[in-house]
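Let me begin by presenting the structure, written as structure tokens, before commenting on it.
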Amino acid sequence: MQLKAKKTNLKAMLTTASCALLGSTANVSAQETWQFDTAIMHYAEVDRVSATEAIIAGTKTFNNDEVLSLKLTIDALTGASPNGATTQPTPQTFTRPSGNGQYNVKAGDTPLDDTFHDTRVQLTGQWTQPLLKDYTVSVGGNFSKEYDYMSASLNGNVARDFNKKNTTLSAGMAYAYDVIEPEGGIPKPLSEMVVGDSNDPNFNDDFNKTRIGSDESKSTIDLLFGVTQVINRQMIVQLNYSYSTVSGYMTDPFKIISSVNNNGESQAYLYENRPDERTKHAFFGQTKYHFDSGILDASYRYMTDDWQIDSHTFDFRYLIPFTNGHFIEPHFRMYTQSAAEFYQPFIAQDEAKPNFVSADYRIGELDTYTVGLKYGMPLGDGNNLSFRLEYYHQTPKDNGTQAIGVLKEVELYEQVDAIIAQVTYSF
Amino acid sequence: MLIVNRYKVLVALSVVGMSGCSSLGVEPWERDLLAKKEMALTSAPIDASLDDHIYFSKEATSGGRSFGGGGCGCN
Amino acid sequence: MSNMVKGDRVVKCLARKGGFTLSFFSMASLCEVLIDTDNEALATELGLIAANEAWRIEDKYSRYDSNSLCSEINEKAGEVVEIDEETFNLFEFSNHCYDMSEGAFDITSGILRKAWHFDGSDNVPSKKCVEALLQLVGWGKVSYSVNSFFMKKGMEIDFGGLGKEYAVDRAVLLISKVANIPFLVNYGGDLAVHGTRKNDDPWQVGIEHPSFDASQSTLVTLRTGAVATSGDANRFLLKDNHRYSHILDVVTGWPVKNPPNSITVAAPQCIQAGFLATLALIQGVDAENFLKEQNILHWSIR
């Protein structure tokens, strides 16, 4: 027999036909089992804070595509953190945030408060399920507690698929409520730190005059709108806009700012004060591209807020698989932010006190970068082991403030180096 | 003149619309690569949550990819 | 109950240079999955995935298994039968093949076997017998929808021309979802490969035909995609020095004249290769020309 329509392109027609068949999802003995991810991560800054964080996360996918995720995180923090005061060419003495005792900082050293050690326990749960045709809904909650801090949050998200699931629109909302109850209470904003003999009978009275209460709270509302688009067989793109508004206590009760004389010499330390409203807008874009040799994950985030902080974050990962199932993934991240309008490295003693001020370098002008490498391997039976090692570098910058007097001779913006090491095991 | 211009705009719009439809996306059976777990937008959620925690406590920006989080008084 | 009968469902694991070969028996063929990994546990896991899927397809679509869905559909010819999505998709594919081949590829043609016994003998059926059976052949006579199927009483469907190839493609799909390592799936000569091997080495596959001398076996070099082979190996009739091949022209009910002994076709997926190989054989003497005109890579043995 002979085909009449010999010239029809059988190859092209067949591709359509067979792909319809093999794209189908025949039931392949679906299993309802838990999948666990465990990880331990150690973060260590040179001469400063170190933190160890352990995670166990379980995900159960039910036959009807409902997904339950639970996660337990425990972390422990120890070490010293900058208290905000400027470096001085002379030794300095500070009162501990609790009011119990004092600590000394050597001449020329960045003042670090070494009282930090805390353990945090966090529980997260999320339930995701399909709803109607093309809709997916997800609700979740989070609770975390540490010695002087409590946070609870709820979130909800709706996603709708369009265009053969090539386009997904999503909208979500989250509400969080945080309470801080620092040992020693909440310092009175812009009051002077009492430095003196803590055994003096008057010391406690003086210290208590700088306190305005035992706890403070803040609440956060986040809105998140996203679109995910499949571009082609190799490429997927996501664009998010998020809006976040925080109201309440955002001051760091442990941070102070140096009040200096004309020669830059520290005369007093004032407790910092931040506005109690903050509204942030963030634009986030991410793409994943499947090359023949690996998978590129690139993202960019722009954030701007009414504290005048603008930031840009670039993140690149490239996963290179080996034929034996192992993979290596280099990672590079770059971040830059402008300073909050009320950021100042120090206050001039003879100038009027601003309403809001903070010398916390983390809301000052800051550049950071991270370079890292991840190595992963399958262990059989669907188990995976991976190692991650990263180097994180912070370069705080002056926001145009001229150093005066003795401050010209010291390092006001000390750079920070940290190592992140992590082991992940999934089973 | 006005009519001609309007016509042009209509044509241009419909062409954009059509090409937008036909060039973006894949058929269900072309999801072989996208279906890999490495191709998920958040392919390593544990890494992402650890990173979020670190950068949340070390920089002034959080969230974007997902909710901004919070939940720690970390220093 | 059906599981009790199928006692020998085991997957064997053999080490070879560069990886492991997992083998099992399904659909009347030796089935192999070659996996390039030094992780034996992973290789075994992947082999099991392929085997379980092959056995699932066999249990569902084999006409030799009286418990299969295929047998159920054939028994209920004359009634409307409920079908699932996978079966609908297989019918859709068969329908495309029927259209593309202008009726030459027909999953209802298996019933002609009742007249033709290709056992190497001279047992050629009578014209009358063949014509009677032809009344029960014709995909155009069935009707089906997403969840139902109907054909008239006496008709039969047979997934034999697609099942093995389908199982190969399903194995590729399932394994590639689990592991990102190179592997080859070979079910009785119908095979597909996936992933890039070390140094971008190709897979070398020898396709043997039991009735031919070894020198005639086809050596295929494959980096990507699939190949399938159609041929009449031991299946033919000899009468008056005329060799009747087992490839039947569905329109006449009689064997095709002068098809190649064997034709191997390359395509992105095994099920495509299988269809093209069969379709080429039906062209008889024109088999190679047909593939050439369609610009399809092939190897033929005459």
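Condition (residue is within 30 Å of C:C31 (Cα to Cα), out of contact with any helix residue (DSSP H, G or I) (no Cβ under 8 Å at 6 or more places or on another chain), outside the structural domain of C:F91 (by TED's automatic domain parsing) and not aliphatic (A, V, I, L, M)) applied to segment C:169-178: is it met by at least one residue? Looking for residues that are within 30 Å of C:C31 (Cα to Cα), out of contact with any helix residue (DSSP H, G or I) (no Cβ under 8 Å at 6 or more places or on another chain), outside the structural domain of C:F91 (by TED's automatic domain parsing) and not aliphatic (A, V, I, L, M), one finds at least one in segment C:169-178, hence yes.
Being within 14 Å of chain A (Cβ to nearest Cβ) and not acidic (D, E) is the requirement here; does C:A115 meet it? No: the conditions fail for C:A115. Entry remark, segment A:102-129: residues being in a strand (DSSP E or B) and farther than 20 Å from A:M173 by Cβ number 16 in total.
Table: residues versus (1) of a type outside the set (D, E); (2) within 14 Å of another protein chain (Cβ to nearest Cβ).
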site: C:D8; (1), (2): no, no
site: C:K12; (1), (2): yes, no
site: C:G18; (1), (2): yes, yes
site: C:S29; (1), (2): yes, no
site: C:E58; (1), (2): no, yes
site: C:L69; (1), (2): yes, yes
site: C:N74; (1), (2): yes, no
site: C:M100; (1), (2): yes, yes
site: C:I107; (1), (2): yes, yes
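The set of residues in segment A:241-268 being β-branched (V, I, T) and either crowded, with 23+ Cβ neighbours inside 10 Å or assigned to a strand (DSSP E or B) (or both) consists of A:T245, A:V246, A:I256, A:I257, A:V260. The residues of segment A:141-187 that are within 10 Å of chain B (Cβ to nearest Cβ) and outside any strand (DSSP E or B), listed by number, are A:Y147, A:D148, A:N163, A:K164, A:K165, A:N166, A:E181, A:P182. Exactly one condition in (1) surrounded by 17 or more Cβ atoms within 10 Å (Cβ to Cβ); (2) β-branched (V, I, T); (3) within 14 Å of chain A (Cβ to nearest Cβ) is false for C:V81; which is it? Result: C:V81 fails condition (3) only. Among the residues of segment A:346-381, those identified as closer than 23 Å to A:D297 by Cα and either within 12 Å of another protein chain (Cβ to nearest Cβ) or among the hydroxyl-bearing types (S, T, Y) (or both) are A:D367, A:T368, A:Y369, A:T370, A:G372, A:K374, A:Y375, A:G376, A:M377, A:P378. The strands (runs of 3 or more DSSP E) found entirely in segment C:98-202 that carry 2 or more residues being in contact with a Phe, Trp or Tyr (Cβ under 8 Å, 6 or more places away or on another chain) and farther than 22 Å from C:E75 by Cα are C:190-194. Of all residues in segment A:324-345, those satisfying the criterion of being of a type outside the set (V, I, T), within 14 Å of chain C (Cβ to nearest Cβ) and touching a strand residue (DSSP E or B) at 6+ places or on another chain (Cβ under 6 Å) are A:G325, A:H326, A:F327, A:E329. Among the residues making up segment A:286-304, those that are more than 8 Å from chain B (Cβ to nearest Cβ), modelled with pLDDT of 95 or more and either within 17 Å of the chain's Cα centre (by Cα) or not in a strand (DSSP E or B) (or both) are A:Y300, A:Y302, A:T304. For residues that are on the phi > 0 side of the Ramachandran plot and part of a loop (DSSP other than H, G, I, E, B), scanning just segment C:223-265, find the one that is modelled with the lowest pLDDT. Among them, the one singled out is C:A233. Scanning segment A:208-255 for residues that are in contact with a Phe, Trp or Tyr (Cβ under 6 Å, 6 or more places away or on another chain) and at positive phi gives no hits. Does A:G264 fit the bill of being on the phi > 0 side of the Ramachandran plot and either away from every other protein chain (no Cβ under 13 Å) or of a type outside the set (A, V, I, L, M, F, W, C) (or both)? Taking the combined requirement at face value, the residue satisfies it.
The values are calculated or read from the model by the stated rules, or taken from the named source; none is laboratory data. If you're wondering where the values come from, they're calculated on a predicted model, not measured in any experiment. Every residue, glycine among them, receives a Cβ derived from its backbone with ideal geometry; neighbour counts consider all protein chains shown.
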